[in-house]
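A short worksheet on the structure shown next.
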Amino acid sequence: MELDNIKKLLDAYFEGMTSLEEEKILRDYFTQQTVADALVQYKPIFLGMEVAKQEHSHKALLLPDSKPKVNKAWRYSVAAILVVGLGVGSFYLSQSRYTQEEMEALAAFEQSKNAMMLLSENLNRGTEQLSYVKQFAITKDRIFE
Amino acid sequence: MDKTEFIAIVMPFRDKLYRLARRILVSKDEAEDAVQEVLLKLWNGKMNIENLKNPEAFAITMTKNYCLDRLKSKQASNLKIVHSNYHTSENVEKQIESNDSVALVFRIMDSLPEQQKIVLQLRDVEQFEFSEIAKMLDSNETAVRVALSRARKTVRDAMIKNYNYGIG
């Protein structure tokens, strides 16, 4: 009676049609000591599955200390890049704006200075010439007197 | 989530991951490495394991994919590996059990196509429901049943052959 049932279950088992409960019945039957002679060739299959379940991992699980560490490092680096970027950017921007203005002012200053110098030089030269004119007038007056 | 919480979630099914990796990769050391790698990925990953509906099934899928990838790159880079693997697996099995016919079951299991190997492992060793296995393997129940039936029959035929040879 039991044997017939086991045979039926075995057939279903090999067709992949047994439920977990039915497979437990088969496992229990084949892992006990007394298995019918006609079915003894199937015993190693169920024994093997049991043995396979006894295997355990023996290596210790190695995990880095804390999970958020990676994320934090990422955030820090982004923050650092942002700060440096902002610093450099603003420095560069402000610097260039000032120098540009300064350069323009300096150039204008230089230009106007040059212009003034030129003017004053010419003015001086003019007065020098004027003294000749004055001398000429004096000499002319002396001659024609 | 801290380390202890993560380990508390992962520990109950860690050996299942190891056994699956072992079945696919055969080598014990490689299976250990694979489990370590998968759990590290889970730990460092963006997705939080706490938010997963079924962390076990998710980890099993990850392990399966990781091991199959390992196998692919191994076969691509080294053809000799098949031969050397055979020796290590034989040695390891000798340590596990002295029963010759049980050792034969293991050898047959190792020789099955990957998909059948995985299905047999998940059903007959870990006893998952067909619906769970189908989800883990991104397949359907019918395909799982078919693969399982083929795997079981291959093992059965080898056992019958071995048994008859023993008698005769």
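A few notes on this one:
- Cα gyration tensor category, rounded, prolate or oblate, for segment A:2-53 with a/c compared to 1.5: oblate
- At least 40 Å² of accessible area lost relative to the chain alone, listed for segment B:137-168 with a 1.4 Å probe: B:Arg145, B:Arg152, B:Lys153, B:Arg156, B:Met159, B:Tyr163
- Cross-linked pairs B:Lys3/B:Lys74; B:Lys28/B:Lys64; B:Lys64/B:Lys135; A:Lys24/B:Lys16: Cα-Cα separations exceed 22 Å for B:Lys3/B:Lys74.
- Carbon/sulfur fraction of accessible area - the protein assembly as shown, other protein chains in place, 1.4 Å, %: 58 percent
- Remark: accessible surface ordering of B:Arg150, B:Arg23 (largest first) is B:Arg150, B:Arg23, probe radius 1.4 Å.
- These residues, B:Ile60, B:Ile160, go from largest to smallest accessible area, 1.4 Å probe, as B:Ile160, B:Ile60.
- Phi-based couplings in Hz for segment B:148-158 (Karplus 6.51, -1.76, 1.60; Gly and Pro marked x): 5, 4, 5, 4, 5, 5, 4, 5, 4, 4, 5
- Whether the protein assembly as shown is rounded, prolate or oblate, judged on the alpha carbon gyration tensor where a/c under 1.5 counts as rounded: prolate
- Summarising the label geometry, the points placed 7 Å from Cα in the beta-carbon direction at B:Asn51 and A:His56 lie 3.4 nm from one another.
- Contact with the other protein chains removes 20 Å² or more of accessible area, compared with the isolated chain and a 1.4 Å probe, from these residues of segment A:29-54: A:Val40, A:Gln41, A:Tyr42, A:Pro44, A:Ile45, A:Leu47, A:Gly48, A:Met49, A:Val51, A:Ala52, A:Lys53.
- Per residue, the average separation of C-alpha pairs within less than 8 Å and at least 6 apart gives segment B:98-168 a relative contact order of 37 percent.
- Computed accessible area, B:Met11, all protein chains, 1.4 angstrom probe, square angstrom: 80 Å²
- Rounded to whole numbers, the Karplus 3J(HN,Hα) couplings from phi for segment B:18-26 are 4, 5, 5, 4, 4, 5, 7, 8, 6 Hz, using 6.51 cos²θ - 1.76 cosθ + 1.60 with θ = phi - 60°, and x at Gly and Pro.
- Cβ-Cβ distance of B:Asp157 and B:Glu37, R₀ of 51 Å, FRET efficiency by 1/(1 + (r/R0)^6): the value works out to about 0.90.
- Of the listed residues B:Tyr66, A:Tyr132, the order by accessible area with a 1.4 Å probe, largest first, is A:Tyr132, B:Tyr66.
- Remark: the A:Leu82-A:Asp11 segment gains 18.6 nm on full extension, using 0.36 nm per residue and subtracting the alpha carbon distance.
- The distance linking segment A:1-58 with segment B:2-74 is 29 Å (Cα centroid to Cα centroid, whole angstrom).
- Buried solvent-accessible surface, both chains (A, B), 1.4 Å probe, Å² to nearest 100: 3900 Å²
- Karplus-based coupling profile of segment A:122-134, in residue order and whole Hz: 4, 4, 4, 4, x, 5, 4, 4, 4, 5, 4, 4, 4, with θ = phi - 60° in 6.51 cos²θ - 1.76 cosθ + 1.60 and x standing for Gly or Pro.
- Area accessible to solvent at B:Glu56, 1.4 Å probe radius, in Å²: 40 Å²
The values are calculated or read from the model by the stated rules, or taken from the named source; none is laboratory data. Because the structure is a prediction, the values reported are computed rather than measured. As a convention, Cβ positions derive from the backbone with ideal geometry for all residues, glycine included, and neighbour counts pool all protein chains shown. All accessible areas refer to the heavy atoms of the entire protein, side chains included, with ligands and DNA or RNA removed. Shrake-Rupley method; radii C 1.70, N 1.55, O 1.52, S 1.80 Å.
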